[in-house]
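Undergrad: The structure under discussion is supplied below as structure tokens; questions concerning it will follow.
The values are calculated or read from the model by the stated rules, or taken from the named source; none is laboratory data. Being a predicted model, the structure only gives us computed values, none of them experimental. Ideal geometry is used to build each Cβ from the backbone, glycine not excepted, and the neighbour counts take in all protein chains shown. The accessibility values were calculated without ligands, DNA or RNA, using every heavy atom of the protein model including side chains. Shrake-Rupley method; radii C 1.70, N 1.55, O 1.52, S 1.80 Å.
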Protein chains: 2
Amino acid sequence: MRRLYANKPDFETQFTRIVEDRRESDDSVERDVRDILERVRAGGDEALRDLTMRFDKHALTAELTSWRISADQTKAAYDFLEPEVKRALDLAAERIRAYHEGQKPEDRDYRDEKNVRLGARWSAVEAAGMYVPGGRAAYPSSLLMNAIPAKVAGVERLVVTTPTPHGEMNALMLAAAHICGVDEIWRVGGAQAVAALAYGTTRIKPVDVITGPGNAWVAEAKRQLFGVVGIDMVAGPSEILVIADEENDPDWIAADLLSQAEHDPDSQSILITDSAAYAAAVEDAVDVLLAQLSTRMTARESWENHGVVIVVEDLAAEAPALANRLAAEHVELAIADPEAMFAQIKHAGSVFLGRNTPEAVGDYVAGPNHVLPTGRRARFASGLSVLDFMKRTSFIELDEKSLKDIGPAAAALAEVEGLPAHARSVTVRL
Amino acid sequence: MRRLYANKPDFETQFTRIVEDRRESDDSVERDVRDILERVRAGGDEALRDLTMRFDKHALTAELTSWRISADQTKAAYDFLEPEVKRALDLAAERIRAYHEGQKPEDRDYRDEKNVRLGARWSAVEAAGMYVPGGRAAYPSSLLMNAIPAKVAGVERLVVTTPTPHGEMNALMLAAAHICGVDEIWRVGGAQAVAALAYGTTRIKPVDVITGPGNAWVAEAKRQLFGVVGIDMVAGPSEILVIADEENDPDWIAADLLSQAEHDPDSQSILITDSAAYAAAVEDAVDVLLAQLSTRMTARESWENHGVVIVVEDLAAEAPALANRLAAEHVELAIADPEAMFAQIKHAGSVFLGRNTPEAVGDYVAGPNHVLPTGRRARFASGLSVLDFMKRTSFIELDEKSLKDIGPAAAALAEVEGLPAHARSVTVRL
């Protein structure tokens, strides 16, 4: 953990280093992934079988159940949930659905003052694929956050691929898939699963959009397949920026900082406050809480290597500019009146307003999506939304009169661009 | 050109081949581009100087004018335009602006039934870069179509890079840049220009989003930099699908087909009609018009290699399903009542309704964007829009009571996901 003081002469240098720090690995998995994609493209289900045995030690046999998890299985997993967890997942799904319903875009269809009819019509993609990781990053909440926007968009066929190493399935994931109405679940993982979703195989029909988190191989596969299908934004390690004054209980803020740190050793937690004494109190509270966490190995590594505490003199005057340079995935404004500062925060994935809004409520039950831009991408990217599963078709309708009106200008521009058939397609109608 | 009959037994095989035909080259420019990006990242302006001399034979010297085209120069280029071209460009800009103004998204800010405040706020990216090619694909209309949505979005700094081979500038492009209010124009091209926009150099400050057409090197550079910056969709050769009955003048439809064919030898023009006699008449008209075009070399190569004429028995019954499988960039519905068929077209970049709406009006003056998804990407992608230059920040605000209400569910889910600090950040506040 580093403590920085905004009024020290070397602050700008140190802060710039934090802004520019890349916590994403440049794993050179590119060639491996390219090989895997090509193998699946050429070899289809046979290639999936070989790669799944090799990487997941799971045998895809003649039995369909070895390939696919059935609706009966997901229903059973849901029914088997503890009541408290079931209620929590149901509440989360309901609130996520309600929030995303409000994202559905409106069509346009109008005639302008020249009587040209113009518009745009939105429609859902036909099929969406979602990668669901095994292992540490396997969160049922992520399945909800990816699947529900797709279903709200109107996607007819929602396909999950997930590795089942040594044949083991994740019951929570299955329950979440049941809640979301996932249509197909295939027991394949890694870059090979992404390839199957994009290119299709005999068993797995191709999809149009692929979302969902994954390891470096999965991320690279999506990157390479961008254009063959639509993909969501590249995702790096999670991060939080907490802007807090000394009126906050240090234990609350320590928990917020560690809630990011426990995700991954490369996660980053940053506190900006206006009191060196308060900063020290939070640091102490972090140490106390760290000792209690079952995730302390990860959380400590993240906090020690990437944690930052910045002490400024005037939160209102200094914090927004620093926040905009960091363009963090999550920004908590743990201050009495967050509204004025929020108005100055231009770049952030999601903002949590006031002292009673820990970031974790946004991970699960608040409603907005928790798939958010990381690594300063909030400068140009947004959280996952219904729009990621829809596309827009524009349309134009002219009649004889409006073509006479604006057509000649089109023909003139086509001529100067050296495109005579373009010009001709207008003039021949005049 | 191939003629297909929908009632022939081999139609499905032949049509599938057309749907799956990839007209995009798999140029292995990947390693070259990777090298160039790395050179610019490490070497900055020095690397730009070397690469620009090598690829464009243009010397970037100590004189700023060798690097940058000034506002005076673009103004002069605009003033020097022929009156007809000036009027046409002004009309195009005005209509494009008006259409894109209607794309600006609305913010959300509401309290739900549990008194949780939720919302989303849109804001423009700070800086956008636009690649403007030299040579054949250098269209001032493309500059309008890329720059105006960025300005409508509210982008403060709009940067163009364009090669000036042997020092030569394209006056039309400069005039278009003047109309759009482009803020900076840098005389660099190729992958090196894209690298400069993404990473920044001493002279060229980095941008957040890069759009605009380019050759295979430029496209690959954008692909590799996706995630460092936002980019628009990968673009392949242009394509048009014309659905026309025999009531259309064959000369009109021939011109429409060739207006795509003249773009590029890899462009594709497809006609679906319900009369073999009419198909033959259009083919004859194409041959006649081809002989008259200054672009006949390109247009003929495209038409001969990629042109398709499909004769069906019943347009209304058969054309929409074929159109949806092709998911073409441009779809013309040259029929008496296009509305019913339009309702069945699910996948298309842009649709041109009725006999008086040649696609070329959409390229220039109608208003909707002409940067559209190609190569069947209309299944999942949309035309360029104001949204490509904006991003959304979600926000959440709870008070003590609403945290008590939904917080426990978040804590329960955090516990089953094995994230105790997440749970703690909620429970410590309860």
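Undergrad: So, in nm, how far is label B:ARG22 from label A:LYS75 when the simple model puts each one 7 Å beyond its Cα toward the Cβ?
TA: In this crude spin-label approximation the distance works out to 4.1 nm.
Undergrad: Oh, and also: Using a label point 7 angstrom from Cα along Cα-to-C-beta, what distances in nm, from shortest up, separate B:ARG34 from the other copies?
TA: Those label-point separations list as 0.6 nm.
Undergrad: Between A:ASP10 and A:ASP314, what length comes free when the chain is fully extended (0.36 nm per residue of separation minus the Cα-Cα distance, one decimal in nm)?
TA: Value of the extension gain: 107.6 nm.
Undergrad: Between B:HIS166 and B:ARG325, take the C-beta separation as r, use R0 = 30 Å, and let me know the FRET efficiency to the nearest 0.05.
TA: For B:HIS166 and B:ARG325, the calculated efficiency is 0.10.
Undergrad: With no solvent and one equal point scatterer per Cα, compute the Debye intensity ratio I(q)/I(0) for the range B:1-127 at 0.10, 0.11, 0.19 Å⁻¹ and report its log10, rounded to two decimals.
TA: After summing over all Cα pairs, the log10 values are -0.93, -1.02, -1.09.
Undergrad: Based on the Cβ-Cβ distance of A:ARG31 and A:GLU247, what FRET efficiency does E = 1/(1 + (r/R0)^6) give at R0 = 45 Å, to the nearest 0.05?
TA: It comes to 0.25.
Undergrad: Choose one answer from B:GLN192, B:GLN344, B:GLN268: the residue with the largest mean-square fluctuation in a GNM of chain B with alpha-carbon springs under 10 Å.
TA: B:GLN344
Undergrad: Quickly work out the A:ALA340-to-A:GLU38 label distance, labels modelled 7 Å from Cα along the C-beta direction, and quote it in nm with one decimal.
TA: 6.1 nm
Undergrad: Taking H placed 1.01 Å from N in the peptide plane, check which residues at least 5 places from A:ILE185 or on another chain put their amide H under 5 Å from its amide H.
TA: Residues meeting the amide H criterion: A:ILE69, A:VAL160.
Undergrad: Place a point 7 Å from Cα of B:GLU400 in the direction of its Cβ. Which residues in the range A:334-359 have their backbone N less than 15 Å from it?
TA: Those under the cut-off are A:355-357.
Undergrad: Please tell me the relative contact order of the range B:236-379 in percent, rounded to the nearest whole number, where contacts are Cα pairs under 8 Å and at least six residues apart.
TA: After rounding, I find 27 percent.
Undergrad: Taking the C-alpha atoms of the protein assembly as shown, how large are the radius of gyration and the largest Cα-Cα span, Dmax, in Å?
TA: 27.9, 88
Undergrad: Also: Please report the accessible area of B:VAL155 (heavy atoms, 1.4 Å probe, ligands and nucleic acids excluded) in Å², nearest 10.
TA: Accessible area of B:VAL155: about 10 Å².
Undergrad: Now for a separate question. Show me, bin by bin at 20 Å from 0, the whole-percent P(r) of chain B based on Cα pairs.
TA: The percentages, shortest bin first, are 23, 47, 26, 4, 0.
Undergrad: With both partners inside the range A:30-231, how many of the DSSP beta bridges are antiparallel, as a percent to the nearest 5?
TA: The antiparallel fraction comes to roughly 30 percent.
Undergrad: Antiparallel as a % of all DSSP beta bridges within the protein assembly as shown, to the nearest 5?
TA: Bridges in the protein assembly as shown are about 25 percent antiparallel.
Undergrad: I'd like the interface area for chains B and A: accessible area of each alone minus the complex, both sides summed, 1.4 Å probe, protein heavy atoms only. What is it in Å² to the nearest 100?
TA: Its buried surface, counting both partners, is about 10600 Å².
Undergrad: A:ALA120's amide H: which non-local residues (gap 5+, or another chain) put their own amide H closer than 5 Å, with H modeled 1.01 Å from N in plane and none for Pro or chain starts?
TA: Residues meeting the criterion, in which the H sits 1.01 Å from N, are A:ARG108, A:ASP109, A:PHE395.
Undergrad: Let me ask something else. With a 10 Å cut-off between alpha carbons and a GNM built on chain A, which of A:ASP232, A:ASP287, A:ASP388 moves the most?
TA: A:ASP287
Undergrad: Name the most mobile residue of A:THR13, A:THR164, A:THR298, meaning the one with the largest mean-square fluctuation, in a Gaussian network model of chain A with Cα contacts below 10 Å.
TA: Looking only at A:THR13, A:THR164, A:THR298, the largest GNM fluctuation is found for A:THR13.
Undergrad: Dimensions of the range A:73-180 along principal axes (Cα, Å, largest first)?
TA: That gives 65, 29, 22 Å along the principal axes, largest extent first.
Undergrad: Compute the separation of the alpha-carbon centres of the range B:367-419 and the range B:6-21 and state it in Å as a whole number.
TA: So the two Cα centres are separated by 40 Å.
Undergrad: Rounded to a whole number, what % of the accessible area of the protein assembly as shown do carbon and sulfur atoms account for, probe 1.4 Å?
TA: Taking all protein chains in place, the protein assembly as shown shows 49 percent carbon and sulfur surface.
Undergrad: Label-to-label distances across copies for A:ASP90, with labels 7 Å out along Cα→Cβ, in nm, shortest first?
TA: When each copy's label point is compared with this one, the spacings are 6.6 nm.
Undergrad: Just reorder B:ASP264, B:ASP363, B:ASP284 by solvent-accessible area, largest first, 1.4 Å probe, all chains present.
TA: I get B:ASP284, B:ASP264, B:ASP363, largest accessible area first.
Undergrad: Report, for chain A, the % of DSSP beta bridges that are antiparallel, rounded to 5.
TA: 30 percent
Undergrad: Where the label is 7 Å out from Cα toward Cβ, how close does A:ARG325 come to the same position in every other copy, in nm, shortest first?
TA: Shortest to longest, the spacings are 5.7 nm.
Undergrad: Where q = 0.16, 0.19, 0.26 Å⁻¹, what log10 of I(q)/I(0) comes from the Debye formula for the range A:227-307, counting one point per Cα?
TA: Per q value, in the given order, log10 I(q)/I(0) is -0.57, -0.74, -1.21.
Undergrad: In addition: To the nearest 10 square angstrom, what accessible area does B:GLU329 show with a 1.4 Å probe?
TA: 10 Å²
Undergrad: Could you work out the Kirkwood radius for the range A:121-163, taking every pair of different alpha carbons, averaging 1/r and inverting it, reported in Å?
TA: Its Kirkwood hydrodynamic radius stands at 11.1 Å.
Undergrad: Under 28 Å Cα-Cα from B:LYS104, which lysines qualify once same-chain neighbours fewer than 8 residues away are excluded?
TA: Candidates past the 8-residue exclusion: A:LYS104, A:LYS114, A:LYS151, A:LYS346, A:LYS391, B:LYS86, B:LYS151, B:LYS205, B:LYS222, B:LYS346, B:LYS391.
Undergrad: Continuing with the same structure: At 7 Å along the Cα-to-beta-carbon direction for both A:ALA280 and A:SER66, put a label point, then send me their distance in nm to one decimal.
TA: 6.5 nm
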